[in-house]
1. Mind telling me which of the residues 188, 206, 176, 192 ends up being of a type outside the set (Ser, Thr, Tyr) and closer than 24 Å to residue 20 by Cα?
2. Just one of 316, 280 is farther than 29 Å from residue 356 by Cα and surrounded by fewer than 19 Cβ atoms within 10 Å (Cβ to Cβ); which is it?
3. Is one or more of the residues making up the range 38-52 assigned to a helix (DSSP H, G or I) and either closer than 24 Å to residue 237 by Cα or in contact (Cβ under 8 Å) with a residue 24 or more places away in the chain (or both)?
4. Among residues belonging to the range 8-27 that are in a loop (DSSP other than H, G, I, E, B) and touching a Leu at 6+ places or on another chain (Cβ under 9 Å), point out the one that is surrounded by the most Cβ atoms within 10 Å (Cβ to Cβ).
5. Among (1) of a type outside the set (Ser, Thr, Tyr); (2) in a helix (DSSP H, G or I); (3) not assigned by TED's automatic domain parsing to the domain that holds residue 242, where does residue 30 come up short?
6. For residues that are touching a strand residue (DSSP E or B) at 6+ places or on another chain (Cβ under 9 Å) and not in a helix (DSSP H, G or I), scanning just the range 230-256, find the one that is nearest to residue 143 (Cα to Cα).
7. Just to be sure I understand, how many residues within the range 379-397 are touching a strand residue (DSSP E or B) at 6+ places or on another chain (Cβ under 8 Å) and not β-branched (Val, Ile, Thr)?
8. Based on this model, can you work out whether residue 158 counts as of a type in the set (Ser, Thr, Tyr), modelled with pLDDT of 95 or more and assigned to a loop (DSSP other than H, G, I, E, B)?
Amino acid sequence: MEVSARRAFNLMKEMAYVRVSGSLEERKAAERLLQEVESCGVKGCMEEFPVKSGKVHHARLVVTAPYVKEYEVTGYERSLSTPEGGLDGEFYYAENVLPVHLKNCQGKIVMINGRLRRTDYEKLQKAGAAAILTFSGTTLDRNSETDCDIRKLRETLTDDLGFAVALNMRAADAAEIVRRGAKQMYIEVESECMDEVSCNVCAVIEGSQYPDEIISFGAHFDSVHFSTGVYDNMSGSVIIMEILRYFAAHKPGRTLKFNWYGSEEQGLLGSKAWVKAHEDELDKHVLMINIDVAAATLGMNTAPILATEAVVGYVDALMKEHGMACGVKMDIYSSDCVPFADKGIPAINLCRFGTQGAGYIHDRRDNLKSGYLDEKALDITLQQALMLSKHVVNAKVFPIERKISDEIKGKVDEYLFKVKK
C-alpha cells in the first residue's frame with residue numbers, strides 16, 4: 001500500500017465542515033477518523049477529555065455619546081455577564097496597553113488592538129477595566145463576506161487572573177468608533193460557562209525491531225467558528241492518515257503512535273490532555289512529528305523544529321538529498337508539538353503556508369470553494385512526511401538526540417506561561 005494524495009484530498013473534502021471544540025460535529029469527525037484508521041487494519045480508540053467552554057446568549061454594544069449607533073459584537077465565550085440592565089460606561093481606546101494607557105482604564109470600557117493576550121489581560125484586570133473590547137479582521141472587510149470572530153476567555157487567563165466582561169467587534173467598526181470620538185457606551189452580555197467533552201483519536205502500530213522506542217505523529221482535526229478548517233487542519237489530519245496507511249502495510253522498526261487531536265484551537269487542549277494521560281510512557285518517546293496546515297497551491301513548505309541545531313542540520317540535509325524544497329529552522333511553533341517539547345521530546349513540524357493573498361485561516365474563507373488548495377500541493381507535504389518518516393522509523397541507530405536546546409526550552413516556557421515575557 002502506497003500513499004495517495006488523491007485519496008487524502010477526497011477524505012479532506014468529505015470532512016470539510018465546521019468542527020468546533022466539544023461540538024457534535026467535532027465528535028462526528030472523530031468517529032469518521034477512527035473508522036478510517038480501522039479500515040487500514042489498525043486498532044484505534046477515542047480518548048475523551050474535559051474542556052472548559054462557554055455560551056453567549058446575547059451581546060450588544062451601543063455608542064451613546066457624542067453620537068448614537070449600535071454596532072455588531074460577539075461576546076467572548078466564558079465572559080462575565082453584565083449586570084441586569086446592562087452596563088453604561090465611559091469608552092477608552094488603550095491601543096497597545098502602555099503604562100500611560102493603563103492610567104486611564106479604571107472603570108471604563110477599554111478597547112485594545114488585536115487579540116487579547118495574557119499579558120494585556122493581566123494589565124487590564126489590574127488596572128480595573130469595567131469591560132474589554134477587541135476587534136478582528138481588517139478595515140477593508142465587507143460584512144457580507146466576513147464574520148465577527150467569536151473568541152474565548154481561555155482558562156489560561158481566567159484560572160489565574162479571574163473573569164471579565166469581554167466583547168469582540170469588526171476592525172472597520174472599531175476604527176469608526178475612534179474616528180468619531182466615542183465617549184460613552186452601553187453594553188450587554190449574557191453568558192454562561194459550562195464543561196464539555198472533546199476527544200483525541202489514537203492508534204498504535206507496534207515496532208518490529210525497536211518496540212520500546214516510540215515515534216509519535218500528530219495533527220489536530222478541530223476548527224474554529226465559521227471555518228471548515230480544511231487548510232487548518234484537516235489537511236494535516238489526512239496526511240498522517242496516509243502515513244498510518246503506509247506503515248500498516250510496511251511493518252515499522254519502531255513503535256508508531258498516531259494521534260488526531262481535538263480542541264487544539266482552544267489552546268492545544270487535546271495534546272496537553274494526551275501527554276498528561278500518557279505520562280508514564282513519555283520516556284520511551286524519541287520524536288514527535290506534527291503536521292499543521294498543508295495543501296496551499298501558492299505557498300512554501302517549512303519545518304520549524306523544537307529540538308537542537310543538530311536536528312535542523314539533519315532534516316535540512318535529508319530534504320536537500322531528496323530534492324525537496326523546505327525551509328528548515330529551529331523555532332517554536334504554536335501547535336500540538338509544544339506539550340511534547342515541554343516534556344523533553346524533540347518535535348519536527350511539517351507545514352505548507354499559503355503565501356500572502358493565497359492562504360486563509362481562522363475564518364469562513366478556509367474552505368474548498370475559496371480555490372486555494374489542491375491535491376498536488378497536499379502531496380508536497382505528504383511526500384516530505386513519508387520520506388522523513390521512512391528514515392527515522394527504520395534507522396539502525398536513531399539519528400536524533402533526545403534533547404531540547406535551551407533556546408527552545410525558554411520559548412516553550414514562555415508559550416506555556418511558565419515565565420513572564
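The values are calculated or read from the model by the stated rules, or taken from the named source; none is laboratory data. Here the structure is a predicted model, which means the values were calculated and not measured. Here the Cβ is made from the backbone with ideal geometry for all residues, glycine too, and neighbour counts use every protein chain on show.
1. On the way: 188 fails: closer than 24 Å to residue 20 by Cα; 206 fails: closer than 24 Å to residue 20 by Cα; 176 fails: closer than 24 Å to residue 20 by Cα.
So the residue among 188, 206, 176, 192 that is of a type outside the set (Ser, Thr, Tyr) and closer than 24 Å to residue 20 by Cα is 192.
2. On the way: 316 fails: farther than 29 Å from residue 356 by Cα.
Within the list 316, 280, the selection yields 280.
3. At the first step, the residues of the range 38-52 found to be assigned to a helix (DSSP H, G or I) are 38-39.
Now narrow it down to the ones that are either closer than 24 Å to residue 237 by Cα or in contact (Cβ under 8 Å) with a residue 24 or more places away in the chain (or both): 38-39.
Yes, there is a match, as at least one residue in the range 38-52 is assigned to a helix (DSSP H, G or I) and either closer than 24 Å to residue 237 by Cα or in contact (Cβ under 8 Å) with a residue 24 or more places away in the chain (or both).
4. Restricting attention to the range 8-27, the residues satisfying the condition of being in a loop (DSSP other than H, G, I, E, B) are 15-23.
Adding the requirement that they be touching a Leu at 6+ places or on another chain (Cβ under 9 Å) leaves 15-16, 21.
Working: 15: 21, 16: 18, 21: 25.
Filtering the range 8-27 for residues that are in a loop (DSSP other than H, G, I, E, B) and touching a Leu at 6+ places or on another chain (Cβ under 9 Å), the one surrounded by the most Cβ atoms within 10 Å (Cβ to Cβ) comes out as 21.
5. Tallying (1) of a type outside the set (Ser, Thr, Tyr); (2) in a helix (DSSP H, G or I); (3) not assigned by TED's automatic domain parsing to the domain that holds residue 242, residue 30 fails exactly one: (3).
6. In the first step, residues of the range 230-256 are kept if they are touching a strand residue (DSSP E or B) at 6+ places or on another chain (Cβ under 9 Å); the result is 230-241, 243-244, 247-248, 251-256.
Of the ones still in play, those that are also not in a helix (DSSP H, G or I) are 251-256.
Values: 251: 52, 252: 51, 253: 54, 254: 52, 255: 50, 256: 46 Å.
Per the stated criteria, the residue is 256.
7. First, pick out the residues of the range 379-397 that are touching a strand residue (DSSP E or B) at 6+ places or on another chain (Cβ under 8 Å): 380-381, 384-385, 388-389, 392-394.
Add one more test, that the residue is not β-branched (Val, Ile, Thr), and what stays is 384-385, 388-389, 394.
Total meeting the criteria: 5.
8. Against the criterion (of a type in the set (Ser, Thr, Tyr), modelled with pLDDT of 95 or more and assigned to a loop (DSSP other than H, G, I, E, B)), residue 158 does not qualify.
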